[in-house]
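Asks: For reference, the structure I am asking about is given below.
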Amino acid sequence: MQFDLIIKGGTCALPWGEVATDVGVRSGRIASLSVAAADTADQVIDARGLHVLPGLIDAHVHLRDPGDAAVESIPTGTRAAALGGIACVFDMPNTAPAITDADMLRWKQEYASAHAWIDMGLYVGATRANTPDLATLEQFDGVCAIKVFAGSSTGDLMIEDDAGIEAVLRSGHRRVAFHSEDEYRLQARKGMFTEGMPYDNHRLWRDEECAFLGTRRIAALARKARRPIHILHTSTQEELLWLQGYRDIATVEVLVNHLTQVAPECYEQLGPLAVMNPPIRDRRHFDASWEAVRNGTVDVVGSDHAPHSLAAKARPWPATPAGLTGTQTIVPVMLDHVNAGRLSLGRMVDLMAAGPARVYGLQAKGRIAAGYDADFTLVDLKAERRITNDWIASPVGWTPFDGKAVRGWPMATIVRGNVVMRDDEILGAPVGQLAVFTP
């Protein structure tokens, strides 16, 4: 048989286990998992010594487009993701202007389709004004979910009250993703802290109860409205235990930072470069996050890639903006966790491919199977590298993992049969398209 691409000699992470087999690709789809020796292809990749994973997905990024291209953009952010082994990203709507209406959504559809290096899903931001329109907006091509900021946002994107949240949950039927900190508690506690206090105070202000209270309220409203929800960046032991009782209605994301960094040490080492929302917490919550990964409570691991310039991050707390770079580093950091024995490679694939596809209704991605998109992340589990700022492709040029030694590295990113990255080099031209979701 003739194929467009054959990936030869690798160990493939198939849904039923790791199998040494050759994969044939035709017309952007997986055509065969049993390529014969006599079969030929226009392009052959020698994957001996590598693991062939489904194209990994970062379901939580802020590419800041439209906004400030000196910080991030769709071209630079998707290039960074591809360098890090990510084949598809889902981009958040809190841009300038925000993605909250049909006109802005159409603009972003067209722009992403022309400039993204990898495939993209798009969140639509919920506001009080657009709540009646959400059932229509969620049906636009490329839309992965509705995003609600119940805390930690500004302007129209903030919906913090029960009535407003319930109204969103009753408009439409697809999954609604939540930033679930409780805004009332945040504002009530704000006066306890003053400018110039140590950065570690970030986690004391946005404490465990702030997150837990928000998640309790949202889960109860979701069950009342019978609407599926996704709790983003879950960060506390209390939330993770509570959400085990809401599996009929709620799915769960944990960030790679909450699986890798621990307070107060991270604030002592990194200062403002550790400030994110929700905050990095202490060892109790770190251990609870890993237990939730092991027991299946966690559905998705994401990066919450949210870059800011070093000049902005250098401001004294609390003026320093919350947010870190992450989409380029999530794969090597998670592979290092695999090599350390904290989770299996199969569980990592579940959290970063099959899980996002399942939670968001992503079609034809998330697994290596005949007929699926030919998205692959090729990794070398034995490669020993060091993450450094000079590797970071985002314009801000920094990572909180600068200097971190890791074992495991992405060697190629393939999107619908197109080799976008190989051996740390971006190849060709942007090939990204809008991802397809179940209506």
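The values are calculated or read from the model by the stated rules, or taken from the named source; none is laboratory data. Here the structure is a predicted model, which means the values were calculated and not measured. Cβ placement follows ideal geometry from the backbone for every residue including glycine, while neighbour counts extend to all protein chains displayed. All accessible areas refer to the heavy atoms of the entire protein, side chains included, with ligands and DNA or RNA removed. Shrake-Rupley method; radii C 1.70, N 1.55, O 1.52, S 1.80 Å.
Asks: Heavy atoms of the protein only, probe of 1.4 Å, neighbouring chains included. What is the accessible area of T136 in Å², nearest 10?
Replies: Surface accessible to solvent at T136 totals approximately 90 Å².
Asks: When only the heavy atoms of the protein chains count and the probe is 1.4 Å, how do W205, W16, W409 rank by accessible area, highest first?
Replies: So the residues, ranked largest to smallest area, are W16, W205, W409.
Asks: How much of the DSSP bridge set in the chain is antiparallel, in percent, rounded to the nearest 5?
Replies: Within the chain, antiparallel bridges account for around 45 percent of the total.
Asks: Under 12 Å from a point placed 7 Å out from the Cα of E384 along the Cα-to-Cβ direction: which residues of segment 398-439 have their backbone N that close?
Replies: 405-408
Asks: Let me ask something additional. Which percent of the Cα-Cα distances in the chain go past 29 Å?
Replies: 42
Asks: Report the full-extension gain for the segment K404 to A429: residue separation times 0.36 nm, less the Cα-Cα distance, to one decimal in nm.
Replies: The K404-A429 span can extend by a further 5.9 nm.
Asks: Taking the Cβ of D375 as the centre, find all other residues whose Cβ is under 12 Å away and add up their charges (Lys, Arg: +1; Asp, Glu: -1).
Replies: Summing Lys and Arg as +1 and Asp and Glu as -1 gives +2.
Asks: Once R0 is set to 25 Å, what does the formula 1/(1 + (r/R0)^6) return for the Cβ-Cβ distance between W16 and D248, expressed as a FRET efficiency to the nearest 0.05?
Replies: Working from the Cβ atoms, E equals 0.35.
Asks: Continuing with the same structure: Considering only protein heavy atoms, what is the solvent-accessible area of R217 at a probe of 1.4 Å, reported in Å² to the nearest 10?
Replies: 40
Asks: Related question: Any idea how far apart Y111 and D68 come out in nm if each label point goes 7 Å out from Cα toward Cβ?
Replies: 1.6
Asks: Quick one: pull the percent of accessible area on the chain belonging to carbon and sulfur, 1.4 Å probe, ligands and nucleic acids left out.
Replies: 51
Asks: Sticking with this structure for a sec: In what sequence, largest accessible area first, do H285, H115 appear using a 1.4 Å probe?
Replies: Most to least solvent-accessible, the answer reads H115, H285.
Asks: In addition: For the pair A340/S34, report the inter-label distance in nm, with labels modelled 7 Å from Cα in the Cβ direction.
Replies: 4.1
Asks: Would you mind getting me the FRET efficiency between A129 and A312? Use the beta-carbon distance for r and R0 = 45 Å, nearest 0.05.
Replies: After rounding, the FRET efficiency stands at 0.95.
Asks: Using only the heavy atoms of the protein chains and a 1.4 Å probe, how would Y184, Y123, Y111 rank by accessible area, largest first?
Replies: My answer, sorted largest first, is Y184, Y111, Y123.
Asks: With each label point set 7 Å from Cα along the Cα-Cβ vector, what nm distance links D161 and F193?
Replies: Taking the simple label geometry, D161 and F193 are separated by 2.6 nm.
Asks: Which whole number in µm²/s is D for segment 283-399 by Stokes-Einstein, with the Kirkwood Rh taken over Cα pairs at 20 °C and 1.002 mPa s?
Replies: 130
Asks: Something else: Return the whole-Å distance between the Cα centroid of segment 211-263 and the Cα centroid of segment 113-157.
Replies: Segment 211-263 and segment 113-157 have Cα centres spaced 20 Å from each other.
Asks: Using protein chains only and a probe of 1.4 angstrom, how many square angstrom of M197 are accessible, to the nearest 10?
Replies: Number for this one is 50 Å².
Asks: With springs connecting C-alpha atoms under 10 Å apart, model the chain as a Gaussian network and identify which of K382, K190, K313 has the largest mean-square fluctuation.
Replies: Evaluated over the chain, the most mobile residue of the options is K190.
Asks: Another question, then. Want the number for Y184 to D101: 0.36 nm per residue separation, take away the alpha-carbon distance, what's left?
Replies: Computed gain between Y184 and D101 is 27.2 nm.
Asks: For n ≥ 4 DSSP H runs only, could you compute -39500 (n - 2.57) per run for the chain, divide by its residues and tell me the 222 nm figure to the nearest 500?
Replies: Computed mean residue ellipticity for the chain: -7500 deg cm²/dmol.
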